Amino acid sequence: MERVREGRHTLLTAQRRMGKTSLIREALRRLKCTGEFEPLFADLEDARDPMDAIAEIATQTSSAQGLWPRVKSGFANFLQQGPIEELGISELRVKLRAGIDRGNWKQRGDAIFAAIDKHEKPVVLALDELPILINRLLKGPDYRITPERKQAADEFMSWLRRVGQAHRNVRMIVFGSIGLEPTLRLAGLSAQANIFSPFELHPWDKVTASQCLEALANNYGIELPHWAREAMCRRLRCCIPQHIQQFFDYLHEDMRRTGQREVTLEDIERVYSKDMLGIRGRIDLEHYEGRLKIALGNSDYRIAMELLTEAAVNNGFLNNESIEGYMSYYHTPERQGRVLILDMLRMLEHDGYLSKTTGGYRFVSRLIEDWWREQNGDHFRPIADRISPSGA
Ligand SMILES: Nc1ncnc2c1ncn2[C@@H]1O[C@H](COP(=O)(O)OP(=O)(O)OP(=O)(O)O)[C@@H](O)[C@H]1O
Ligand SMILES: [Mg+2]
């Protein structure tokens with residue numbers, strides 16, 4: 001909120017499920033309540049191209065009185081064909097999208113920003129999942145970066161940069177469930193993001209996480225002593241808000257089922273193995289696999305998965321010898337193994353799976369590490385076995 005008040009554009013980065021979307025929605029709500037700003041929230045997860053993105057942004061202005069008539073007039077020729085005031089959001093989006101094509105998207109987009117400039121209040125424009133759109137533009141359905149695709153990604157980022165610089169009445173916040181920087185970096189487009197000042201949201205520290213658990217326990221009238229909260233945080237190692245809440249939910253449910261009012265260490269361990277790592281917990285964690293697939297495409301995803309499994313079966317640690325092993329194993333005439341693996345590690349580090357440490361990389365979250373081992377560890381052949389003559 002301070003950044004918005006200072007008039008800056010922000011690139012919010014954080015691990016998956018840290019609460020980026022919820023926190024930005026809440027910040028926008030508060031900035032609107034004080035009457036200072038006009039918030040716009042555009043989710044670009046389903047946008048396949050710049051035309052879809054412009055249509056989504058235009059659609060979101062429809063809830064901003066004062067702004068919408070100006071935006072609408074930019075689409076006037078097109079929208080004359082019928083009353084639009086009664087349309088629902090998705091119908092409106094379809095209608096606006098029909099007026100945008102490859103030849104006019106910049107012009108349509110510029111018109112939205114010109115309308116924003118004339119608006120009485122500064123506008124905060126949140127672009128959720130922008131990195132997914134850029135990744136899609138860059139790699140296409142077959143996950144290959146071609147000069148044309150690179151140009152398409154460059155064109156959209158350049159346009160965003162230009163409008164961000166030219167229109168003083170807007171403050172943009174961009175973020176998403178995959179990293180923007182590693183994606184741009186792959187295409188040599190990092191400079192396109194330099195109008196956004198990075199803001200990193202870290203996982204909760206143990207004190208905050210413990211306070212959240214305490215508040216939840218008080219709320220539900222159960223006893224959750226300090227040692228138990230500590231044990232829960234220790235189990236997860238990395239306190240991602242959603243995981244903390246999930247752990248509490250399962251524990252609470254377990255206590256209700258057994259009629260217990262006081263928790264034991266055994267309960268915590270049981271709930272962790274049975275629920276957090278069980279079928280139900282895994283459904284939430286599958287989100288992590290899904291996002292990796294979106295970021296990398298099927299074939300690179302398999303390599304990233306091997307790196308993570310290699311770490312998981314080795315007590316959460318991916319050592320430098322194994323990394324070297326992967327670099328040589330995946331080296332082909334078309335692809336340099338070193339570059340491929342380093343890019344991948346950079347992405348896994350950026351997105352909070354692994355962190356760099358002496359001699360290699362370590363899993364950040366114990367929960368994700370345990371889950372990864374359970375899910376993928378059986379029958380896994382460590383790289384050393386695959387490259388050594390005896391394992392060949
Ligand atoms: N600070 C918080 N306090 C309470 N709950 C939170 C907090 N942050 C996140 N949550 C909860 O965690 C879950 C995930 O949040 P959210 O979807 O906003 O995360 P995200 O970072 O946008 O995830 P993704 O990386 O998948 O896009 C939600 O259920 C949300 O209510
Ligand atoms: Mg999100």
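The values are calculated or read from the model by the stated rules, or taken from the named source; none is laboratory data. Since the structure is predicted, the reported quantities are computational estimates derived from the model, not experimental observations. Every residue, glycine among them, receives a Cβ derived from its backbone with ideal geometry; neighbour counts consider all protein chains shown.
Inside the range 182-203, can you point out the residues that are surrounded by 14 or more Cβ atoms within 10 Å (Cβ to Cβ) and either away from ligand 1 (no atom under 15 Å from the Cβ) or of a type in the set (K, R) (or both)? Those that are surrounded by 14 or more Cβ atoms within 10 Å (Cβ to Cβ) and either away from ligand 1 (no atom under 15 Å from the Cβ) or of a type in the set (K, R) (or both): L184, R185, L186, A187, L189, S190, Q192, A193, I195, F196. When each of I173, I134 is tested for being within 16 Å of ligand 2 (Cβ to nearest atom), outside any loop (DSSP other than H, G, I, E, B) and free of Cβ contacts under 8 Å to residues at least 60 places away in the same chain, the lone residue that passes is I134.
In the set (1) closer than 27 Å to A64 by Cβ; (2) in contact (Cβ under 8 Å) with a residue 40 or more places away in the chain; (3) surrounded by 19 or more Cβ atoms within 10 Å (Cβ to Cβ), I178 fails one condition alone, (1). Quick check, is L11 within 16 Å of ligand 1 (Cβ to nearest atom) and closer than 30 Å to G140 by Cβ? Taking the combined requirement at face value, the residue satisfies it. Any chance the range 204-221 includes a residue that's surrounded by fewer than 18 Cβ atoms within 10 Å (Cβ to Cβ) and closer than 21 Å to W372 by Cβ? No; the residues of the range 204-221 include none that is surrounded by fewer than 18 Cβ atoms within 10 Å (Cβ to Cβ) and closer than 21 Å to W372 by Cβ. When restricted to residues that are within 16 Å of ligand 2 (Cβ to nearest atom) and surrounded by 15 or more Cβ atoms within 10 Å (Cβ to Cβ), the range 1-24 contains 14. If you go through the range 117-125 one residue at a time, do you hit one that is touching a residue at least 12 places away in the same chain (Cβ under 8 Å), in a helix (DSSP H, G or I) and assigned by TED's automatic domain parsing to the domain that holds L31? Yes, the range 117-125 has at least one match. None of R338, R280 is of a type in the set (K, R) and closer than 30 Å to A187 by Cβ except R338.
Would you pick out the residues in the range 181-204 that are in a loop (DSSP other than H, G, I, E, B) and either without any contact (Cβ under 8 Å) to a residue 60 or more places away in the chain or at positive phi (or both)?
A187, G188, L189, N194 - these are the residues of the range 181-204 that are in a loop (DSSP other than H, G, I, E, B) and either without any contact (Cβ under 8 Å) to a residue 60 or more places away in the chain or at positive phi (or both).
Looking across D128, D101, one residue alone is exposed (fewer than 14 other Cβ atoms within 10 Å of the Cβ) and among the acidic types (D, E). It is D101.
Within the range 204-226, the set of residues being of a type in the set (D, E, K, R) and out of contact with any Asp or Glu (no Cβ under 6 Å at 6 or more places or on another chain) comprises D205, K206, E214.
Residues in the range 25-45 that are surrounded by fewer than 20 Cβ atoms within 10 Å (Cβ to Cβ), farther than 19 Å from I294 by Cα and within 14 Å of ligand 2 (Cβ to nearest atom): R25, E26, A27, F41. Looking across the range 114-145 at every residue that is of a type in the set (D, E) and out of contact with any Leu (no Cβ under 6 Å at 6 or more places or on another chain), the one that is modelled with the highest pLDDT is identified as D128. When R346, R362 are checked against the criterion of being modelled with pLDDT of 95 or more and either within 19 Å of Y301 (Cα to Cα) or among the basic types (K, R) (or both), a single residue qualifies: R362. Applying the selection to the range 312-345, what residues are of a type in the set (G, A, S) and either surrounded by fewer than 17 Cβ atoms within 10 Å (Cβ to Cβ) or not assigned by TED's automatic domain parsing to the domain that holds D370 (or both)? Answer for the range 312-345, where residues must be of a type in the set (G, A, S) and either surrounded by fewer than 17 Cβ atoms within 10 Å (Cβ to Cβ) or not assigned by TED's automatic domain parsing to the domain that holds D370 (or both): just S328. Within the range 31-66, being closer than 18 Å to I100 by Cβ, more than 20 Å from the chain's Cα centre (by Cα) and of a type outside the set (S, T, N, Q) holds for M51, I54, A55, A58. For the range 227-237, the count of residues that are away from ligand 2 (no atom under 16 Å from the Cβ), of a type in the set (D, E) and assigned by TED's automatic domain parsing to the domain that holds Q107 is zero. Inside the range 85-102, residues that are under 16 Å from D49 (Cα atoms) and modelled with pLDDT under 90 make up a count of 0.
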